[in-house]
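K.L.:
One structure follows; several queries about it will come next.
The values are calculated or read from the model by the stated rules, or taken from the named source; none is laboratory data. Everything numeric in this text was worked out from a predicted model, so none of it was measured. Cβ coordinates were reconstructed from backbone atoms using ideal geometry, including for glycine residues, and neighbour counts include every protein chain displayed.
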Amino acid sequence: MEIVLHGAINFGSSNFGDFIYANGIYNTIISKTWISTAVFYNPSSYFIKYIENYSAKKISLKETMGLIYIPGGYFIQEKNPSLKSSLFRFFRYIPIGLKCNIMKIPICIIGIGAGPINSKILKYGIKKICEKASCITVRDKKSLNTLQNMCKCNLYNYGDMILSFELKSKRKVTEQIKLVQQWADQKKIVIIHYNHSIVALKLFSKIVKRIKEKGFKCIVSSDSILANENELFKIFTKNTDNDIYHFKYDDPFEFLELINMADLIITCKLHAGVVASLFGKSVVCTAINSEKTRRYYEQIERLDCYRNIENVTLDSLYSLVENALNKPITIPIKIIEESKKHQNILCKFINGLQNEE
């Protein structure tokens, strides 16, 4: 049996969060011995390189028994999206689902983030796909409400699916990690993660001195491969000093180990913080994508770790750091167990495909 997987894995993506989703889903599927092939739809070279046990075979939709949309926030739009942005999102994610509808290929949408959806063309495409999907799970209440208001379909909200993956066993100790260990010299580590955001970069650079006074060694890292990463780091260090480690993101399993080594993570994005919270770390998130990020911290009952970056001052950021250091995140067991239900729905869908052969 052949299965096609789709999500935010194309157009040159190297995003850490999307990779964790893709790797977890893929390995769940291939653990079913009766599945002959599972392939991603137009994956980037990064995903081909790092997905565990992946065979980059190409198959046509005529050969497939099912399509699975893997978790991600790609049914979410930013405020006031441009026509160009809406069309890009439509053509990146929607056509394969519409084709499967026409060909009567079963579809499973797992762990999706949805809403707000402002574009009429995007709303049309999502509605058509969801109405024909065999099963849909979402990652938060807003996503549930968004899709319920758009179409008649069976929906389940089980929280963020990353919480169902066993990630600590995936960590990799590399030469770069060994250099970090040597440089840190057993002192506490803070990861500063502004990624591509100039707003976050400028804000985070102003707090470095205060954090160092608490005995921390500071590491800057992205969670995707950025063409201008070196330039951003130079801007960051102009406002700080030279004793900051520039960790070059590439291997996602190496990045898991870096998060595991850290005591504190200051981030402006979602999934570096999600994994850090799963690992029981102190987390401060001043989000640039505030809508979807707030939903996660609300779900795990830790909104005290989160702020919209537009509302953060230097003093309020430091207060968030103090709070985070006093209260590392422990995700309630009930939330982790709920997240595992995504995998139950996924396996039920796959088993149903076997019965249809």
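K.L.:
Tell me, please, whether a residue that is surrounded by fewer than 19 Cβ atoms within 10 Å (Cβ to Cβ), in the same structural domain as M65 (by TED's automatic domain parsing) and modelled with pLDDT under 95 can be found in segment 104-114. Even if it seems obvious, please write down each step before you answer.
P.N.:
First pass over segment 104-114, keeping only residues surrounded by fewer than 19 Cβ atoms within 10 Å (Cβ to Cβ): 104.
In the following step, the residues that additionally are in the same structural domain as M65 (by TED's automatic domain parsing) were identified as 104.
In the following step, the residues that additionally are modelled with pLDDT under 95 were identified as none.
Within segment 104-114, none of the residues are surrounded by fewer than 19 Cβ atoms within 10 Å (Cβ to Cβ), in the same structural domain as M65 (by TED's automatic domain parsing) and modelled with pLDDT under 95.
K.L.:
Taking G66, is it of a type outside the set (A, V, I, L, M), more than 19 Å from K99 (Cβ to Cβ) and crowded, with 16+ Cβ neighbours inside 10 Å? Reasoning before the result, please.
P.N.:
Values: of a type outside the set (A, V, I, L, M): yes; more than 19 Å from K99 (Cβ to Cβ): no; crowded, with 16+ Cβ neighbours inside 10 Å: yes.
No: the conditions fail for G66.
K.L.:
Residue check: is V284 surrounded by 24 or more Cβ atoms within 10 Å (Cβ to Cβ) and either outside the structural domain of V208 (by TED's automatic domain parsing) or among the aliphatic types (A, V, I, L, M) (or both)? Spell out how you get there, then give the answer.
P.N.:
Working: surrounded by 24 or more Cβ atoms within 10 Å (Cβ to Cβ): yes; either outside the structural domain of V208 (by TED's automatic domain parsing) or among the aliphatic types (A, V, I, L, M) (or both): yes.
Spelling it out, V284 is indeed surrounded by 24 or more Cβ atoms within 10 Å (Cβ to Cβ) and either outside the structural domain of V208 (by TED's automatic domain parsing) or among the aliphatic types (A, V, I, L, M) (or both).
K.L.:
Can you find, within segment 210-249, the residue that is surrounded by the fewest Cβ atoms within 10 Å (Cβ to Cβ) among those that are touching a residue at least 60 places away in the same chain (Cβ under 8 Å) and of a type outside the set (S, T, Y)? First the steps, then the outcome.
P.N.:
Going residue by residue through segment 210-249, those that are touching a residue at least 60 places away in the same chain (Cβ under 8 Å) are 210-211, 214, 223-225, 245, 247-249.
Narrowing further to those that are of a type outside the set (S, T, Y): 210-211, 214, 223, 225, 247-248.
Numbers: R210: 14, I211: 20, K214: 12, D223: 25, I225: 15, F247: 20, K248: 14.
Residue satisfying both the conditions and the ranking: K214.
K.L.:
Let me ask something additional. Does segment 253-262 contain at least one residue that is part of a strand (DSSP E or B) and either not aliphatic (A, V, I, L, M) or not assigned by TED's automatic domain parsing to the domain that holds T286 (or both)? Break it down into steps so the answer makes sense when it comes.
P.N.:
Our first condition is that a residue be part of a strand (DSSP E or B); within segment 253-262, this holds for none.
No: zero hits.
K.L.:
Continuing with this model, one more query. Tell me yes or no: at least one residue of segment 70-91 is closer than 18 Å to I350 by Cβ and buried (at least 19 other Cβ atoms within 10 Å of the Cβ). Full working, then the answer.
P.N.:
First pass over segment 70-91, keeping only residues closer than 18 Å to I350 by Cβ: 70-71.
Checking which are buried (at least 19 other Cβ atoms within 10 Å of the Cβ) leaves us with 70-71.
Yes: segment 70-91 contains one or more residues that are closer than 18 Å to I350 by Cβ and buried (at least 19 other Cβ atoms within 10 Å of the Cβ).
K.L.:
In the list I192, I126, I136, which residue meets the criterion of being in the same structural domain as I288 (by TED's automatic domain parsing), in contact (Cβ under 8 Å) with a residue 12 or more places away in the chain and buried (at least 18 other Cβ atoms within 10 Å of the Cβ)?
P.N.:
Numbers: I126 fails: in the same structural domain as I288 (by TED's automatic domain parsing); I136 fails: in the same structural domain as I288 (by TED's automatic domain parsing).
Selected residue: I192, the only one of I192, I126, I136 that is in the same structural domain as I288 (by TED's automatic domain parsing), in contact (Cβ under 8 Å) with a residue 12 or more places away in the chain and buried (at least 18 other Cβ atoms within 10 Å of the Cβ).
K.L.:
Consider I225 carefully, then state whether it is under 24 Å from the mean Cα position of the chain (by Cα) and either within 16 Å of H271 (Cα to Cα) or not in a loop (DSSP other than H, G, I, E, B) (or both). Reasoning before the result, please.
P.N.:
Numbers: under 24 Å from the mean Cα position of the chain (by Cα): yes; either within 16 Å of H271 (Cα to Cα) or not in a loop (DSSP other than H, G, I, E, B) (or both): yes.
Taking the combined requirement at face value, the residue satisfies it.
K.L.:
So for segment 162-178 (the condition being outside any helix (DSSP H, G or I), over 29 Å from E337 (Cα atoms) and in the same structural domain as F91 (by TED's automatic domain parsing)), does at least one residue qualify?
P.N.:
No, because not a single residue in segment 162-178 is outside any helix (DSSP H, G or I), over 29 Å from E337 (Cα atoms) and in the same structural domain as F91 (by TED's automatic domain parsing).
K.L.:
May I ask you to say which residue of I59, I3, I48, I25 is surrounded by fewer than 20 Cβ atoms within 10 Å (Cβ to Cβ) and either touching a Leu at 6+ places or on another chain (Cβ under 9 Å) or assigned to a loop (DSSP other than H, G, I, E, B) (or both)? Let's see the steps before the verdict.
P.N.:
Working: I3 fails: surrounded by fewer than 20 Cβ atoms within 10 Å (Cβ to Cβ); I48 fails: either touching a Leu at 6+ places or on another chain (Cβ under 9 Å) or assigned to a loop (DSSP other than H, G, I, E, B) (or both); I25 fails: surrounded by fewer than 20 Cβ atoms within 10 Å (Cβ to Cβ).
After applying the criteria, what remains is I59.
K.L.:
Residues K178, K170, K152: which one is in contact (Cβ under 8 Å) with a residue 24 or more places away in the chain and among the charged types (D, E, K, R)?
P.N.:
Values: K178 fails: in contact (Cβ under 8 Å) with a residue 24 or more places away in the chain; K152 fails: in contact (Cβ under 8 Å) with a residue 24 or more places away in the chain.
Exactly one residue qualifies, and that residue is K170.
K.L.:
Inside segment 327-344, can you point out the residues that are assigned to a helix (DSSP H, G or I), in contact (Cβ under 8 Å) with a residue 24 or more places away in the chain and surrounded by fewer than 19 Cβ atoms within 10 Å (Cβ to Cβ)? Steps first, answer last, please.
P.N.:
Start the filter on segment 327-344 by keeping residues that are assigned to a helix (DSSP H, G or I), which leaves 333-339, 341-344.
Imposing the further condition that a residue be in contact (Cβ under 8 Å) with a residue 24 or more places away in the chain reduces the set to 335-336, 338-339, 341-343.
Across segment 327-344, the qualifying residues are I335, I336, E338, K341.
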